[in-house]
1. Please go through the range 48-96 and pick out each residue that is within 18 Å of the chain's Cα centre (by Cα), farther than 20 Å from Gly231 by Cα and small (Gly, Ala, Ser).
2. Can you confirm whether Phe14 is surrounded by fewer than 23 Cβ atoms within 10 Å (Cβ to Cβ), more than 17 Å from the chain's Cα centre (by Cα), of a type in the set (Phe, Trp, Tyr) and away from ligand 1 (no atom under 16 Å from the Cβ)?
3. Looking at (1) in the same structural domain as Ala86 (by TED's automatic domain parsing); (2) modelled with pLDDT of 95 or more, which one does Leu136 not meet, given that it meets all the others?
4. So, in the range 136-166, exactly how many residues are buried (at least 19 other Cβ atoms within 10 Å of the Cβ), aliphatic (A, V, I, L, M) and farther than 16 Å from Arg199 by Cα?
5. With the checklist (1) over 26 Å from the mean Cα position of the chain (by Cα); (2) closer than 26 Å to Arg199 by Cβ; (3) charged (D, E, K, R) in hand, flag the one item Glu125 doesn't pass.
6. If only one of Gly89, Gly67 is crowded, with 17+ Cβ neighbours inside 10 Å and at pLDDT below 95, which one is it?
Amino acid sequence: ARPVLEVRGARVEFPTRRGTLVATDGVSFDIGPGEILGMVGESGAGKSLTGMAVIGLLEPPGRLAAGEIHLDGERIDNLPPRRRQAIRGRRIGAIFQDPLTSLHPLFTVGRQLVETIRFHLDVSEKEGRERALALLKDVGIPAAEERINHYPHQFSGGMRQRVVIALALAANPSLVIADEPTTALDVSIQAQITALLKRLCREHGTAVLLVTHDMGVIAETADRVAVMYAGRIVEIGPVLDVIRRPRHPYSRGLMASIPGLRERAERLNQIEGSMPRLTTMPPGCAFHPRCPEAGPRCHVARPMLAAVPGEVTSAACWLHQGGVTRAAQ
Ligand code: SF4
Ligand code: MG
């Protein structure tokens with residue numbers, strides 16, 4: 001099947017008085033219908049910016065300086081703002097960490113759903129209301145006939161996030177961007193919400209870009225995972241492969257942080273040090289100051305993302321591209 005989303009070489013820049021900060025570079029990935037791609041990394045790695053670039057909501061002066069974004073085979077990054085705006089909500093739904101940022105406090109959830117549905121789809125008030133009710137039932141709101149008349153503050157955090165998922169799916173978009181959708185919720189609720197997201201995306205054939213710092217959420221939810229570090233994808237592959245056999249030393253440390261996998265992890269329980277700032281990016285591989293495997297080549301040459309020989313997974317690491325000691329070309 002043709003991918004729903006294709007991102008090619010996305011480079012997000014922030015012009016500043018002291019020069020241009022490159023926040024992400026060379027970010028490329030696809031997501032197919034009904035597929036969930038998890039994007040994981042530390043805060044500042046560029047995962048939310050990638051999501052924002054796809055939705056077309058980069059905060060100025062941040063901008064997509066290079067690369068292309070295609071939705072359902074159509075290039076969208078170069079569309080005029082009005083056409084870009086028309087895609088949001090209709091063809092790309094969004095779910096953010098705090099459900100209250102997506103909900104208006106003064107309108108009932110039913111009103112907000114009907115407005116959203118009617119803004120994007122050509123249906124009557126009555127049809128809009130029927131679809132709103134069906135959506136609330138679909139996302140597991142009990143007594144939906146009553147709850148449709150309630151205001152956001154009358155719902156618990158978990159139920160509110162279900163309403164936000166209903167809103168994101170209201171116009172039956174091809175793609176949903178979910179940025180830390182469970183981070184603000186109680187641990188006991190998190191698994192319910194990720195399970196719901198997974199079921200809905202499968203049933204509706206929706207592609208999902210799931211952005212999170214939590215590898216546990218990705219392990220439970222995603223089909224494939226892209227690991228980001230310092231603005232680049234350093235590893236991408238099927239989630240089970242990457243968990244069982246992470247190929248990038250940074251991913252190895254991340255996988256060790258998944259609850260229940262800790263015992264199986266080798267010695268790399270923690271990754272010492274912190275991610276470099278955009279202003280002081282080290283030469284060569286950006287991970288080399290923290291990498292236990294780094295060799296001379298890593299200090300001077302930057303590895304590109306490439307398929308690990310004989311595997312589906314790709315990694316940006318010299319270990320899989322001729323070794324870390326070979327002289328720099
Ligand atoms: Fe470590 Fe070198 Fe691989 Fe970078 S390229 S992750 S420094 S081994
Ligand atoms: Mg973020």
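1. Once the filter is applied, which keeps residues that are within 18 Å of the chain's Cα centre (by Cα), farther than 20 Å from Gly231 by Cα and small (Gly, Ala, Ser), the range 48-96 yields Gly89, Gly93, Ala94.
2. It is true that Phe14 is surrounded by fewer than 23 Cβ atoms within 10 Å (Cβ to Cβ), more than 17 Å from the chain's Cα centre (by Cα), of a type in the set (Phe, Trp, Tyr) and away from ligand 1 (no atom under 16 Å from the Cβ).
3. Result: Leu136 fails condition (1) only.
4. 3
5. Just one mismatch for Glu125, condition (2).
6. After applying the criteria, what remains is Gly89.
The values are calculated or read from the model by the stated rules, or taken from the named source; none is laboratory data. Computed from a predicted structure; not experimentally measured. So basically every Cβ, Gly included, is an ideal-geometry build from the backbone, and we count neighbours across all protein chains shown.
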